[in-house]
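> Take a look at this one; I'll ask things after.
Just so you know, all these numbers are worked out from the coordinates, no wet-lab data involved. Since this is a predicted model, take the numbers as computed values, not measurements. Note that each Cβ is placed from the backbone with ideal geometry, even for glycine, and that neighbours are counted across all protein chains shown.
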Amino acid sequence: MTKRNFLLLMILMVVACALPFLVSNYRTFQFTLVLVYAIALLGLNVLTGYNGQISLGHGAFYAIGAYTAAILMDKLGAPYWATLPAAGAVCLVAGFLFGLPALRLEGLYLALATFALGVSMPQLLKYHHLEAWTGGVQGIVIAKPEPPAVLINAGLPLNADQWLYFFALAVTILMFALGWNLMRGRIGRALIAIRDQHIAAEVMGINNALYKSLAFGVSAMYTGIAGALGAIAVQYVAPDSFNIFLSIVFLVGIVVGGLASISGALYGALFIQFVPNIADDISKAAPWAIFGAIMIAFVYLMPTGVAGAIRILCAKRRSP
Amino acid sequence: MKRALVPLAAVLAAALVSPALAQKKYDPGASDTEIRIGNTNPYSGPASAYGTIAKSIAAYFKMVNDQGGIGGRKVNFISYDDSYSPPKTVEMVRKLVEQDNVLFVFQTLGTPSNTAIHKYMNMKKVPQMHVATGATKWNDPKNFPWTMGWQPNYQSEARAYAQHILKTKPDAKIGVLFQNDDYGKDYLKGFKDGLGDKAKAMIVAEVSYEVTDPTVDSQIVQLQASGANVFFNITTPKFAAQAIRKAYDIGWKPVQYLNNVSNSVGSVLTPAGLEKSVGIITSAYLKDATDRRWANDAAIARWREFMKKYYPDGDQADVFNVYGYTVAATLREVLTKCGDNLTRENVMKQAASMKGFRVETMLPGIAITTGSDDFAPIESVQLERFNGKQWELFGEVISSN
């Protein structure tokens, strides 16, 4: 990391920490969701951006994470922070298992298989033998986490929204640091090699099957943790929250943000959180048409995503 | 010298103004000139057919504003799209409450969406007024004093059928088909409550189906085999049509009761076959504009006038537009009763003290009565029977109270 990048990161940190004190609680809640989406997009990016496997079903892993958190909190009385590792573990296993048969599928066929997963998830969640746990169509309402008493006593009067934001921020930083380490190391190089030329990668001694399944597992883990965090922020899970559209929005997020880019996840998250609202403000009659137009403008003007465009801009400035 | 007079003038002015101020009480979202109301509706997504409800409500308040507003205050109806997705509802409702500073939210649509904001609204003490869902849980003033329903809830509708069966066929053997979710179970509970002690003896078969099932054919065969001579059909439109058709085709001829959710002639009875639907009993509480009975009705004529002027794109054959008009008129009455005391508490209080209020687009004999322990505005329905062409009202208005 160069000195300049480090400085930029520090500035970003300061802005992120100051944010909840500058904006309303509602905006703070929206930024919490941005962080949640950023984690999910980072997960999808590991799979699609770095490893080249297209998933149209990541909303399903997001749902599994959310339900794991909700069931643990509602039925077993687990504290909210403890649900994140649990959701991550459940999704890691689920993702790895789903990744094994998916190994035989390439490109579009894998996209279809994951699409099937995403499209069936809301119905599986309504399945009546699971109803005692999932609450059926009614879903589960969960309590909002309060800021810990230690902080209040120490004279830091955070409200529940601000506390949740900082909690999400801490998780996001941790997950991004992990992701960054993972992707620039041996594993990251192996994933990229498989994406670019899997036969050559095999020749170099990379275990394609293992790495591809692993990418699936890690990717699902990230998305699951995001799902759990999202459930805690929204305080409610229901099957209708996790329809196929969510999966597609995730894919939109990573493409707009920038494939195979760590920072791209953050730009993508900002995009999928705020652009639909802007579109709705512009036109009530056809918000998704406006959304579509904005999306086309983005991919046309920045074919490598926001992250790629910024990289090109910086490179141009340095070499006039 | 002039400056010295300023504080004096200020004191005088305050003395003059304050008695008037004491009578006017406002919470966020209300002022001398405006009443701000929030709403979420699925304009896009799987339930976007309901989007027209909020559009007709917006049109209604446009008309109210053109007529001078309510007590001189313009109604500002802010509505956002939530695509029928609960997390989106939470986000949009928080925006309405915390950013747009609405006085309350009104007609938020959908059982899951309203469940998602139920706790939040009650914690914030912001009214969740006249929600657009028929679940029974909205009538719970003790635990959720800031939430109120509007339409007859599923349980009270089912009780009306139960009463009718007890009166007309006390020795009935009843078969029930229900959708296995909240909605189906809500109906079933109301039905059993209505039958009382006799429920166990009278209901000879209870069969359920999943929304994901392709057909309900085998369930209908099962019900016929049970020997039931009364059939209570608790299904959503697609399954309702299948059930009616199958029962007819296999020669099962019970007295059929069909829940109000599926009483559309166009999307249920026509695909099932109109001749196969003769004799089915259902219930209604609004005037359906397509019904020839109301062709010369003054209320429906006024409604058509309204649609033409304020919502020309709206479909006049869509009963949802009558619904939106009627529920908006109910809110207008609540706000008129609030007068200059536009606090959230008073809005709830006035909404909970309606005595026999009627909107002319409701069926004759149906009225809204609420109380501090009764947050269910419309609790009566009238039964109607299908004659092969259209629904025909019969009997008295049945109240579940």
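> For the range A:10-23, in order, what is each residue's ³J(HN,Hα) by Karplus, 6.51 cos²θ - 1.76 cosθ + 1.60 with θ = phi - 60°, in whole Hz (x at glycine and Pro)?
Computed from phi, the couplings for the range A:10-23 are 4, 4, 4, 4, 4, 4, 4, 6, 7, 3, x, 8, 9, 10 Hz.
> Continuing with this model, one more query. List the residues whose amide H sits under 5 Å from the amide H of residue B:34, counting only those 5 or more places along or on another chain, with H placed 1.01 Å from N in the peptide plane.
Those lying under 5 Å, H to H, from residue B:34 are B:74.
> Considering chain A as a Gaussian network with a 10 Å cut-off on Cα pairs, which listed residue, A:270, A:35, A:103, attains the greatest mean-square fluctuation?
Comparing A:270, A:35, A:103 in the GNM, the peak value goes to A:103.
> Most exposed first by the Cβ proxy, i.e. fewest other Cβ within 10 Å, how do A:112, A:42, B:335 rank? Can you show the working numbers first?
Values: A:112 13, A:42 31, B:335 23.
The most exposed by this proxy come first: A:112, B:335, A:42.
> What does the net charge come to around residue B:85 if you take all other residues with beta carbon closer than 10 Å to its beta carbon, with K and R at +1 and D and E at -1?
Working: positive: B:88; negative: A:240, B:81, B:82, B:91.
Within the 10 Å Cβ shell, the charges total -3.
> Could I ask something else about it? Distance cut-off 19 Å, Cα to Cα: go down the list B:74/B:337; B:25/B:337; B:167/B:355; B:95/B:125 and report the pairs above it.
Values: B:74/B:337 15 Å; B:25/B:337 14 Å; B:167/B:355 28 Å; B:95/B:125 15 Å.
In this structure, B:167/B:355 exceed 19 Å between Cα atoms.
> According to a simple spin-label model (label point 7 Å from Cα along Cα-to-Cβ), what is the distance in nm between residue B:65 and residue B:349?
Placing both labels 7 Å along Cα→Cβ, they lie 2.9 nm apart.
> Indicate the helices, whole DSSP H runs only, in chain B that combine a mean Kyte-Doolittle hydropathy of -0.5 or more with a Cα extent along their long axis of 24 angstrom or more. Could the numbers behind the result be given before it?
Values: long enough: B:2-23 (32 Å, 1.37); B:319-338 (29 Å, 0.64).
Span-like helices in chain B: B:2-23, B:319-338.
> Residues with beta-carbon under 10 Å from that of residue B:272, excluding residue B:272: net charge, scoring Lys, Arg +1 and Asp, Glu -1?
Working: positive: B:245, B:246, B:276; negative: B:275.
Here the count lands on +2.
> Here is a follow-up. Could you work out the local net charge near residue B:216, counting Lys and Arg as +1, Asp and Glu as -1, over the other residues with Cβ closer than 12 Å to its Cβ?
0
> Amide H neighbours of residue B:25 under 5 Å, counting only residues 5+ apart in sequence or on other chains, H built in-plane at 1.01 Å?
Long-range HN contacts for residue B:25: B:341, B:342.
> How large is the helix-only mean residue ellipticity at 222 nm for chain B, computed as the sum of -39500 (n - 2.57) over DSSP H runs with n ≥ 4, divided by its residue count, in deg cm²/dmol to the nearest 500? If you can, show how the numbers build up before the last one.
Working: 12 runs with 157 residues, N = 401.
-12500 deg cm²/dmol, from helical runs alone.
> For a bin width of 20 Å, list the pair-distance distribution of chain B built from all Cα-Cα distances, rounded to whole %.
Whole-percent P(r) values from 0 Å outward: 26, 53, 17, 3, 1.
> Turning to a different aspect of this structure: What residue among B:215, B:282, B:40 shows peak mean-square fluctuation when chain B is described by a Gaussian network model with Cα springs under 10 Å?
B:215
> Let me ask you something else. Please report how far the C-alpha centroid of the range A:218-256 lies from that of the range B:142-197, rounded to the nearest whole angstrom.
Rounded to whole Å, the Cα centres lie 37 Å apart.
> Moving on to the next point. Which whole-Hz ³J(HN,Hα) couplings does the range A:284-299 yield from phi under the Karplus relation 6.51 cos²θ - 1.76 cosθ + 1.60, θ = phi - 60°, glycine and proline marked x?
Each residue of the range A:284-299 in turn: 6, 6, 9, x, 6, 5, 5, 4, x, 5, 4, 5, 4, 4, 5, 5 Hz.
> Report, by chain and number, residues whose modeled amide H sits under 5 Å from the one on residue B:393, excluding near sequence neighbours (fewer than 5 apart, same chain).
Those qualifying (amide H under 5 Å, at least 5 residues apart or on another chain) are B:385.
> Using Cα pairs under 8 angstrom and six or more residues apart, how large is the relative contact order of the range A:1-134, in percent? Kindly include the intermediate steps, with their values, before the conclusion.
Values: 75 pairs, mean separation 35.0, N = 134.
The normalised contact order for the range A:1-134 reaches 26 percent.
> While we're looking at this one, here's another question. Sort B:94, A:186 so the one with the fewest other Cβ atoms within 10 Å of its own Cβ comes first. Mind dumping the intermediate values first?
Values: B:94 21, A:186 9.
With the sparsest Cβ surroundings first, the list reads A:186, B:94.
> Ranked by Cβ crowding within 10 angstrom, fewest neighbours first, how are B:249, B:100 ordered?
Numbers: B:249 12, B:100 17.
In order of increasing Cβ crowding within 10 Å: B:249, B:100.
> For a quick check, take a GNM of chain A with Cα springs below 10 Å and name the residue from A:259, A:19, A:229 with the largest mean-square fluctuation.
A:19
> Could you grab the relative contact order for the range A:31-242? Cα pairs under 8 Å, six or more apart, rounded to a whole percent. Walk me through the intermediate numbers first.
Values: 332 pairs, mean separation 100.5, N = 212.
Relative contact order of the range A:31-242: 47 percent.
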